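Below: one structure, written as structure tokens.
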């Protein structure tokens, strides 16, 4: 009888507490970029493979660290916010020889001309990697079933998101975009009824080009009658500010 009671308690304990949240790193080969790439994935408490989950895909996945994990754990622990899986696609921060740029700059910026053919094609190849290969990997290798897909990016990573929305407007339902830089929304044509919703934020203490760029994008969307959210926050071009904003916007998603 005591043994039976122990089994019941053990089962209830596993049911109640389940799997703890975790941050995991995965490396796989990209055919588009012809190199190994890494993604950082946050799995919330009680993540269960057989169910569908809302997923936030983000650029600069190396930013998704223990600080993000701790803050996400805190808001999901309140049970008032539906948990998300976060798939951070790490960028290539390797310095290019005889250049002030990193490979990241050519991956994220659509119009960044170079005499090097490899660098000139980098944006398109990285776009295919982000849209196709990462999606295939999380579905096939990580067995992740996806319900709704969202995008999160900062600085050039946010600019990449804006540019990507031109080519794949139905890929993500909402975009969280902070301190946008290097965006290309020329000839942007979305469906008038179903189009992605942009959450655009920039800091009042950021360099003027970041603020003006975000304002211009907001004005462009307004002129095109695309509803969006634009806000200037009290802060700078800093990871700490972006983290705090992200947690607040995740609550709203």
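Is it the case that some residue within the range 133-146 is assigned to a strand (DSSP E or B) and more than 12 Å from the chain's Cα centre (by Cα)? So that I can check it myself, show each step before the final result.
If we filter the range 133-146 for residues that are assigned to a strand (DSSP E or B), which is where we start, we get 145-146.
Remaining after also requiring more than 12 Å from the chain's Cα centre (by Cα): 145-146.
Yes, that holds for at least one residue.
Would you pick out the residues in the range 133-144 that are exposed (fewer than 14 other Cβ atoms within 10 Å of the Cβ) and either under 13 Å from residue 30 (Cβ atoms) or touching a residue at least 12 places away in the same chain (Cβ under 8 Å) (or both)? Give the derivation first.
First, the residues of the range 133-144 that are exposed (fewer than 14 other Cβ atoms within 10 Å of the Cβ): 136, 139-141, 143.
Result: 136, 141, 143.
Among (1) in a helix (DSSP H, G or I); (2) surrounded by 16 or more Cβ atoms within 10 Å (Cβ to Cβ); (3) modelled with pLDDT of 95 or more, there is one condition residue 119 misses while meeting the rest; what is its number?
(3)
For a quick check of your reading of the model, give me the residue pairs whose first member lies in the range 105-127 and is within 21 Å of residue 177 (Cβ to Cβ), whose second is modelled with pLDDT under 90 and crowded, with 16+ Cβ neighbours inside 10 Å, with beta-carbon atoms closer than 8 Å and at least 6 apart or on different chains.
Once the first residue is within 21 Å of residue 177 (Cβ to Cβ) and sits in the range 105-127, its partners that are modelled with pLDDT under 90 and crowded, with 16+ Cβ neighbours inside 10 Å give 105/112; 106/112; 123/112.
Quick check on residue 186: is it out of contact with any strand residue (DSSP E or B) (no Cβ under 6 Å at 6 or more places or on another chain), loosely packed, with under 15 Cβ neighbours inside 10 Å and over 25 Å from residue 127 (Cα atoms)? Break it down stepwise before answering.
Values: out of contact with any strand residue (DSSP E or B) (no Cβ under 6 Å at 6 or more places or on another chain): yes; loosely packed, with under 15 Cβ neighbours inside 10 Å: yes; over 25 Å from residue 127 (Cα atoms): no.
For residue 186, the condition - out of contact with any strand residue (DSSP E or B) (no Cβ under 6 Å at 6 or more places or on another chain), loosely packed, with under 15 Cβ neighbours inside 10 Å and over 25 Å from residue 127 (Cα atoms) - is not met.
Out of all the residues in the range 206-218, is one or more surrounded by fewer than 14 Cβ atoms within 10 Å (Cβ to Cβ) and assigned to a strand (DSSP E or B)?
no
Which of the residues belonging to the range 123-142 are touching a strand residue (DSSP E or B) at 6+ places or on another chain (Cβ under 7 Å) and either under 13 Å from residue 163 (Cβ atoms) or modelled with pLDDT under 95 (or both)?
Residue satisfying the conditions is 130 alone.
Looking at (1) in a loop (DSSP other than H, G, I, E, B); (2) modelled with pLDDT of 95 or more; (3) over 21 Å from residue 111 (Cα atoms), which one does residue 193 not meet, given that it meets all the others?
Unmet for residue 193, out of (1) in a loop (DSSP other than H, G, I, E, B); (2) modelled with pLDDT of 95 or more; (3) over 21 Å from residue 111 (Cα atoms): (2).
Restricting to the range 42-70, name every residue that is closer than 18 Å to residue 244 by Cβ and either part of a loop (DSSP other than H, G, I, E, B) or under 12 Å from the mean Cα position of the chain (by Cα) (or both). Spell out how you get there, then give the answer.
So in the range 42-70, the residues closer than 18 Å to residue 244 by Cβ come out as 42, 56, 58, 60, 63-70.
Selection gives 42, 56, 58, 60, 63, 64, 65.
If you take the residues in the range 158-181 that are in contact with a strand residue (DSSP E or B) (Cβ under 8 Å, 6 or more places away or on another chain) and in a loop (DSSP other than H, G, I, E, B), which one is surrounded by the most Cβ atoms within 10 Å (Cβ to Cβ)?
179
Output yes when any residue across the range 95-114 is surrounded by fewer than 17 Cβ atoms within 10 Å (Cβ to Cβ), in a helix (DSSP H, G or I) and at negative phi, and no when none is.
No: zero hits.
Pairs please, first residue from the range 170-198 and without any contact (Cβ under 8 Å) to a residue 40 or more places away in the chain, second anywhere and in a loop (DSSP other than H, G, I, E, B) and exposed (fewer than 15 other Cβ atoms within 10 Å of the Cβ), Cβ atoms under 7 Å, 6+ apart in sequence or on different chains.
Listed pairs, sorted by first residue: 197/227.
The values are calculated or read from the model by the stated rules, or taken from the named source; none is laboratory data. In this text, all values refer to a predicted model and were calculated from it rather than measured experimentally. Heads up, the Cβs are rebuilt from the backbone with ideal geometry, glycines too, and the neighbour counts pull from every protein chain shown.
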